[in-house]
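Visitor: If you scroll down you'll find the structure; I have some questions about it.
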Amino acid sequence: MKKLIAEFIGTAWLVLGGCGSAVLAANFSSEPFIGIGLVGVSLAFGLTVLTIAYALGRISGAHLNPAVTIGLWAGGRVEASTVLPYVASQFLGGIAGAGILYVIATGNGSAVGDFAANGFGEHSPGGYDMLSAFVCEFVMTFMFIIIIFGVTEKDRAREAFAGIAIGLALALIHLISIPVTNTSVNPARSLSQAVFVQGWALEQVWLFIAAPILGAIAGGIVYKNALRKTEFTAEDRNE
């Protein structure tokens, strides 16, 4: 239960911190202009993962993402029995985080707008089509899983810095892909925002569930069969 609570809280923090920075601070204007822009939002997503990795990673592994859990399972890093409870906690945590953000964001009378939801076509920040969005999300999640596997292999010196590497990887992914899809690589993050936007966001959310999961599975399989140096034992797994 502690692990599921940690995943719930961690995913809520990722959505509140990452999407919150996009909704509340990215284009915030005053005199002088102080909005954080694309770079700031990218760093915010990375910082949410970095902070939770060190705060709660010792409890649950700080997956915070159904695609990560599924990718780690595909690569032999977690047991099958872990997947559904973790994924459920992550989706619920994401929706809780989005709910908190919704209350805050509408507190000045503003409409919810696109609420940092993921989209393609006319709902892509840069107008990118469905194929571009799918390829981007697949490849970015594939690489994210490769990085996660690499920095969490059994090496004490490397493990101490794993949270930093993973957080920076997520920030880099956002720097690349925000113009394409607003960046998902996380089905829980995508569904949480779509629930509040409704309409087009719910119609397109399938891509931001399917592409990250498929990319994560591919990454897990590739790492397991072509890149991994050590075998994970039962004690290593986040069961």
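The values are calculated or read from the model by the stated rules, or taken from the named source; none is laboratory data. None of the values given here were measured: they were computed from a predicted structure. When we count neighbours, we look across all protein chains shown, and the Cβ atoms used for this are built from the backbone with ideal geometry, even at glycine. Just so you know, the surface numbers come from the protein's heavy atoms only, side chains and all, with ligands and any DNA or RNA stripped out. Shrake-Rupley method; radii C 1.70, N 1.55, O 1.52, S 1.80 Å.
Visitor: Expressed as a rounded percentage, what relative contact order does the chain have, with Cα pairs under 8 Å and six or more residues apart? Numbers along the way, then the final one.
Guide: Values: 418 pairs, mean separation 73.5, N = 239.
Relative contact order of the chain: 31 percent.
Visitor: Turning to a different aspect of this structure: Can you bin region 58-132 into rounded, prolate or oblate? Criterion: square roots of the alpha carbon gyration tensor eigenvalues sorted a ≥ b ≥ c, rounded for a/c under 1.5, prolate for a/b above b/c, oblate for the rest.
Guide: On the way: a/c = 3.82, a/b = 1.49, b/c = 2.56.
In terms of gyration-tensor shape, oblate.
Visitor: Would you compute, from DSSP H runs of 4+ residues alone, the mean residue ellipticity of the chain at 222 nm, taking -39500 (n - 2.57) per run and dividing by the full residue count, rounded to the nearest 500? Walk me through the intermediate numbers first.
Guide: Numbers: 9 runs with 153 residues, N = 239.
It lands at -21500 deg cm²/dmol.
Visitor: Also: Compare Ala211, Ala162, Ala188 in a GNM of the chain, Cα atoms joined below 10 Å, and give the one with the largest fluctuation.
Guide: In this elastic network of the chain, the residue with the biggest mean-square fluctuation among Ala211, Ala162, Ala188 is Ala162.
Visitor: Here's something else I'd like to know. In terms of Cα to Cα distance under 24 Å, which lysines are near enough to Lys229, apart from those fewer than 8 places away along the same chain?
Guide: Filter leaves Lys154.
Visitor: Follow-up. Using only Cα atoms and rounding to the nearest 10 degrees, what angle (0 to 90) does helix 80-105 make with the longest principal axis of the chain?
Guide: It is inclined by approximately 20 degrees.
Visitor: With everything on Cα atoms, drop me the angle between helix 130-151 and the longest principal axis of the chain, reported from 0 to 90° to the nearest 10.
Guide: The answer is roughly 40 degrees.
Visitor: Where a ≥ b ≥ c are the square roots of the eigenvalues of the C-alpha gyration tensor, would you call region 102-153 rounded, which needs a/c under 1.5, or, failing that, prolate if a/b is larger than b/c, or oblate?
Guide: Working: a/c = 5.94, a/b = 1.56, b/c = 3.80.
Oblate shape, in that a/c is at least 1.5 and b/c is the bigger or equal ratio.
Visitor: Go through region 33-39 residue by residue and turn each phi into a ³J(HN,Hα) via Karplus (6.51, -1.76, 1.60, θ = phi - 60°); whole Hz please, and just put x for glycine and proline.
Guide: These are the phi-based 3J(HN,Hα) values: 5, 10, x, 8, x, 4, 5 Hz.
Visitor: Follow-up. Quick one: with all protein chains in place, what share of the accessible area of the chain is carbon or sulfur, to the nearest percent (1.4 Å probe)?
Guide: Working: 7290 of 10800 Å².
Heavy-atom surface of the chain belonging to carbon and sulfur, 1.4 Å probe: 68 percent.
Visitor: Once phi is turned into ³J(HN,Hα) by the Karplus curve 6.51 cos²θ - 1.76 cosθ + 1.60 with θ = phi - 60°, what whole-Hz value does each residue of region 9-15 show in order, with x for glycine and proline?
Guide: Values per residue, Gly and Pro as x: 5, x, 5, 4, 5, 4, 5 Hz.
Visitor: Springs between alpha-carbon atoms under 10 Å, Gaussian network over the chain: tell me which of Gln90, Gln204, Gln193 tops the mean-square fluctuations.
Guide: Gln204
Visitor: Hey, another quick one. Quick check for you: with a 1.4 Å probe and neighbouring chains kept, what is the accessible area per residue of region 1-80, in Å²? Before the final figure, lay out the partial values.
Guide: Working: 3550 Å² over 80 residues.
The answer is 44 Å² per residue.
Visitor: For region 93-239, what does the accessible surface come to per residue with a 1.4 Å probe? Please give it in Å². Display every interim value, and only then the final one.
Guide: Values: 6690 Å² over 147 residues.
I get 45 Å² per residue for region 93-239.
Visitor: Now, a different point. Please sort by residue number the chymotrypsin sites (Phe, Trp or Tyr not before Pro) in region 30-111 whose DSSP state is loop and whose Cβ has at most 14 other Cβ atoms within 10 Å.
Guide: On the way: sites: Phe33, Phe45, Tyr54, Trp73, Tyr86, Phe91, Tyr102; in loops: Phe33.
Loop-located and lightly packed - Phe33.
Visitor: Just subtract the alpha-carbon distance of Val135 and Val103 from 0.36 nm times their residue separation and send over the number in nm, one decimal.
Guide: Working: separation 32, 0.36 × 32 = 11.52 nm, distance 3.35 nm.
Computed gain between Val135 and Val103 is 8.2 nm.
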